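The values are calculated or read from the model by the stated rules, or taken from the named source; none is laboratory data. Just so you know, these numbers come straight off a predicted model, no measurement behind them. Heads up, the Cβs are rebuilt from the backbone with ideal geometry, glycines too, and the neighbour counts pull from every protein chain shown.
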Amino acid sequence: MGERLLLRGNEVIAEAAIRAGCQCYFAYPITPQAELLQHMAVNMPRLGRTFVQAESELAAINMVYGAASAGVRTMTSSSSPGISLKQEGISYLAGSSLPAVIVNIMRGGPGLGDIAPSQCDYFQATKGGGHGDYHMIVLAPSTVPEAGQLTMLAFELADRYRTPVMLLADGMLGQMMEPVELPKPIEISSLPKKEWATDGAKGRNPNIVLSFDLDPEVLKQMNLILQKRYRQIEAEEVRYEETATGDADIAIVAYGTVARIAKTVVKMARAEGIKLGLFRPITLWPFPGQALRKLSEKIAIVLTVEMSAGQMWEDVRLAIAEQAETPFYGEMGGVIPTPQRILSEVKKHAG
Amino acid sequence: MPVDVQNMQKIFARPDSLTDAKSTYCPGCHHGLLTRIIAQTIDELGIAERTVGIAPVGCAVFAYRWYRCDAIQAAHGRASAVATGVKRADPNLIVFSYQGDGDFASIGTAESIHAANRGENITVIFVNNQVYGMTGGEMAPTSLVGQKTTTTPQGRDPKLFGYPIRFSEMIAQLDAPVYVTRQALYDTKHIKEATKAIKRAFTNQVEKKGYSLVEVLAACPTNWKMKPIDANRHIAKVVEKTYQLGDLVNRG
């Protein structure tokens, strides 16, 4: 591991992407992810790598599509309204089995919303977002150091499964500064060659990158390949963290910034004699539904807390069914729930 | 007279870079001709092993089938952005996009102009047949004033639908492009000139000179509801009045 630095989440994600071997970065300015773009503007050219400020989010994601086709590690980043514009390209990346990393530093919505932290793009990130039957892996860090680690992982998983991977964070994580030990850079030359890449048909048959076939039977087969891959990802890549769930009577389910706040709430509750635990999904897709279901078999109340109107809550209820009580508390529009407010919700249900 | 097979000489053949995949183009359409010219150019420059073609959405959506080189099928209008991504990832690749008028000059306006403005070292082939061919002959941004299409059944009324857009002239206003030209394919003289222009546009890229755009006025007998021969005449007599042939930028 390297040196210990005090850095903003956005900078850590940028730096981790560089260390993960990202060779081409394309993006368009938007708050609250601007520092990510700015860090890449300074550092990518220094390393002889590609930085392009694209004319739009649409252009940026399609440049990613081109660079990914050529076989290099590539990334784009934005915030909620910009991510909406990228959906066309993300669908094409998924349909063409191209690895790429997309960072969403979420802000309040819908529409132009505001620039404060939010988790209101959960549906968009985990349920497809663009057109067609597809998923992408969605990783949700809850601290600045973890944002760096999951960025490294995002590139690895993208290549392993030939799929777009989203790092889903929020304005709080993007803007907050924390001490970080940056991950060790990978050796780009040690990455396996992508035999499918369109990098010049020298001594081989031409490679074609496409998400298209007019024959429904052929397109069905292309879809089945994707679905098989998704089942494999669901079997192998589910990640979550449990805190103080061993003896808990009640548990919070939360991810990202809210999970971090909830860790404080666990301590506060326990100081008052309430046996509170925390279940934190790290992969939002694949969602750790089985693990949560198992937890709900021994805990009667599972409270979902989100900075949204209850988007992840749908997956929580789907996993738990009638096994436990599943109340919800959420904030919207960029309002961040305080530990005291969450604790009062816990007390409401803990009796 | 008996044919002397022994002494026969092959003077015309399919370019190596042109596959024998079945064409999806209509009779009299210029896409096929243009495809051959590009394949022949790739052969002549010896660049097949490092060329990546970007196919659009529209009649040329199958363009990835025709060339014996790597290819990518892009989202509608985004081919110039995809080409940017490929070229930036590996500047030694020769990257060309092949885009129709709806793709390049309507839905892809921003991507087209900004790739040109950045002076991306790519080659863009822009096929202007004044109509959306694939979807059933709707108005294109390039449709002529008064042109009847399935979405302008009374003819294109500029008061309602604007004027034919001279997109290459717009690109020619930029500082970065090194070569912007408009060509046609309706007779042998023009085919020869267009072939030269396309070779030049690829050569510019090989020599790392920068962005080159070749607009080609193409016939669409099917949607123009004309016989192929009449469609050719229509380009010479009518279309050329709106879209003048020749070089718009030539900074060799």
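State all residues of segment B:139-152 that are at negative phi and over 19 Å from the mean Cα position of the chain (by Cα); if no residue qualifies, say none.
B:145, B:147, B:148, B:149, B:150, B:151, B:152
From the list A:202, A:194, A:184, which residue is under 21 Å from residue A:233 (Cα atoms) and in a loop (DSSP other than H, G, I, E, B)?
Being under 21 Å from residue A:233 (Cα atoms) and in a loop (DSSP other than H, G, I, E, B) holds for just one of A:202, A:194, A:184, which is A:194.
For residue B:102, state whether it is crowded, with 24+ Cβ neighbours inside 10 Å, out of contact with any helix residue (DSSP H, G or I) (no Cβ under 6 Å at 6 or more places or on another chain) and more than 9 Å from chain A (Cβ to nearest Cβ).
Yes: the conditions hold for residue B:102.
Suppose we filter segment B:25-36 for residues that are of a type outside the set (Lys, Arg), touching a Pro at 6+ places or on another chain (Cβ under 8 Å) and outside any loop (DSSP other than H, G, I, E, B); how many remain?
Total meeting the criteria: 0.
Spot the failing condition for residue B:116; the list is (1) surrounded by fewer than 24 Cβ atoms within 10 Å (Cβ to Cβ); (2) in a helix (DSSP H, G or I), and only one is missed.
(1)
Given the structure, is residue A:255 more than 21 Å from the chain's Cα centre (by Cα) and among the aromatic types (Phe, Trp, Tyr)?
no
If you scan segment A:188-215, which residues turn out to be loosely packed, with under 10 Cβ neighbours inside 10 Å and in contact (Cβ under 8 Å) with a residue 60 or more places away in the chain?
A:193
For segment A:63-97, which positions are in a helix (DSSP H, G or I), closer than 17 Å to residue A:158 by Cβ and at the interface with chain B (Cβ under 7 Å from one of its Cβ atoms)?
If the condition is that a residue be in a helix (DSSP H, G or I), closer than 17 Å to residue A:158 by Cβ and at the interface with chain B (Cβ under 7 Å from one of its Cβ atoms), then A:63, A:64, A:65, A:66, A:67, A:69, A:89, A:92 are the ones that fit.
Restricting the search to segment A:28-46, which residues are within 14 Å of chain B (Cβ to nearest Cβ) and in a loop (DSSP other than H, G, I, E, B)?
Scanning segment A:28-46 gives a single hit, A:28.
Quick check on segment B:90-111. Is at least one of its residues part of a loop (DSSP other than H, G, I, E, B) and under 18 Å from the mean Cα position of the chain (by Cα)?
Yes.
Would you mind finding the one in A:147, A:244 that is at pLDDT 95 or above, surrounded by 24 or more Cβ atoms within 10 Å (Cβ to Cβ) and aliphatic (A, V, I, L, M)?
A:147
Scan segment A:123-134 and give yes if some residue there is touching a His at 6+ places or on another chain (Cβ under 9 Å), in a loop (DSSP other than H, G, I, E, B) and not aromatic (Phe, Trp, Tyr), otherwise no.
For segment A:123-134, residues touching a His at 6+ places or on another chain (Cβ under 9 Å), in a loop (DSSP other than H, G, I, E, B) and not aromatic (Phe, Trp, Tyr): present.
Residues B:83, B:39: which one is at negative phi, more than 10 Å from chain A (Cβ to nearest Cβ) and either acidic (Asp, Glu) or outside any loop (DSSP other than H, G, I, E, B) (or both)?
Selected residue: B:39, the only one of B:83, B:39 that is at negative phi, more than 10 Å from chain A (Cβ to nearest Cβ) and either acidic (Asp, Glu) or outside any loop (DSSP other than H, G, I, E, B) (or both).
Have a look at B:58, B:119, B:28 and point out the one that is under 29 Å from residue B:226 (Cα atoms), over 14 Å from the mean Cα position of the chain (by Cα) and in contact (Cβ under 8 Å) with a residue 60 or more places away in the chain.
Step by step, each of B:58, B:119, B:28 is checked, and only B:28 is under 29 Å from residue B:226 (Cα atoms), over 14 Å from the mean Cα position of the chain (by Cα) and in contact (Cβ under 8 Å) with a residue 60 or more places away in the chain.
Take the conditions in contact with a Gly (Cβ under 8 Å, 6 or more places away or on another chain), surrounded by fewer than 24 Cβ atoms within 10 Å (Cβ to Cβ) and not aliphatic (A, V, I, L, M) and apply them to residue A:132. Does it pass?
Criteria met by residue A:132.
Working only within segment A:136-168, note down all residues that are among the hydrophobic types (A, V, I, L, M, F, W, C), touching a helix residue (DSSP H, G or I) at 6+ places or on another chain (Cβ under 6 Å) and not in a loop (DSSP other than H, G, I, E, B).
Listed by number, the residues that qualify are A:137, A:138, A:139, A:144, A:147, A:152, A:165, A:166, A:167, A:168.
Collect the residues in segment A:247-291 that are crowded, with 21+ Cβ neighbours inside 10 Å, in contact (Cβ under 8 Å) with a residue 40 or more places away in the chain and part of a helix (DSSP H, G or I), keeping them in residue-number order.
A:256, A:257, A:258, A:259, A:261, A:262, A:265, A:269 - these are the residues of segment A:247-291 that are crowded, with 21+ Cβ neighbours inside 10 Å, in contact (Cβ under 8 Å) with a residue 40 or more places away in the chain and part of a helix (DSSP H, G or I).
Could you list all residues from segment B:166-186 that are under 15 Å from residue B:123 (Cβ atoms) and in a loop (DSSP other than H, G, I, E, B)?
Matches in segment B:166-186: B:176, B:177, B:178.
Please work out if residue B:75 is free of Cβ contacts under 8 Å to residues at least 60 places away in the same chain, out of contact with any His (no Cβ under 9 Å at 6 or more places or on another chain) and either within 13 Å of chain A (Cβ to nearest Cβ) or surrounded by fewer than 24 Cβ atoms within 10 Å (Cβ to Cβ) (or both).
yes
Considering only segment B:61-68, I want to know if a residue exists there that is in contact (Cβ under 8 Å) with a residue 60 or more places away in the chain and either more than 17 Å from the chain's Cα centre (by Cα) or buried (at least 23 other Cβ atoms within 10 Å of the Cβ) (or both).
no
Yes or no, residue by residue, for (1) crowded, with 24+ Cβ neighbours inside 10 Å; (2) charged (D, E, K, R); (3) in the same structural domain as residue A:143 (by TED's automatic domain parsing):
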site: A:15; (1), (2), (3): no, yes, yes
site: A:39; (1), (2), (3): no, no, yes
site: A:43; (1), (2), (3): no, no, yes
site: A:74; (1), (2), (3): yes, no, yes
site: A:97; (1), (2), (3): no, no, yes
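Does segment B:57-80 hold any residues that are closer than 14 Å to residue A:211 by Cβ, outside any helix (DSSP H, G or I) and of a type outside the set (Gly, Ala, Ser), and which are they?
B:57, B:72, B:73, B:76, B:78 - these are the residues of segment B:57-80 that are closer than 14 Å to residue A:211 by Cβ, outside any helix (DSSP H, G or I) and of a type outside the set (Gly, Ala, Ser).
Given the conditions (1) surrounded by 15 or more Cβ atoms within 10 Å (Cβ to Cβ); (2) more than 30 Å from the chain's Cα centre (by Cα), and given that residue A:218 satisfies all but one, which numbered condition is not satisfied?
(1)
Specify the residue that is surrounded by the fewest Cβ atoms within 10 Å (Cβ to Cβ); the eligible residues are those in segment B:42-56 that are within 11 Å of another protein chain (Cβ to nearest Cβ) and small (Gly, Ala, Ser).
B:48
Which residues, counting only those in segment B:216-241, are buried (at least 18 other Cβ atoms within 10 Å of the Cβ) and either touching a Leu at 6+ places or on another chain (Cβ under 9 Å) or of a type in the set (A, V, I, L, M) (or both)?
Passing the criteria: B:216, B:217, B:218, B:219, B:231, B:232, B:235, B:239.
For segment A:297-334, which positions are on the phi < 0 side of the Ramachandran plot, in contact (Cβ under 8 Å) with a residue 40 or more places away in the chain and of a type in the set (Gly, Ala, Ser)?
A:300, A:308, A:309, listed by residue number.
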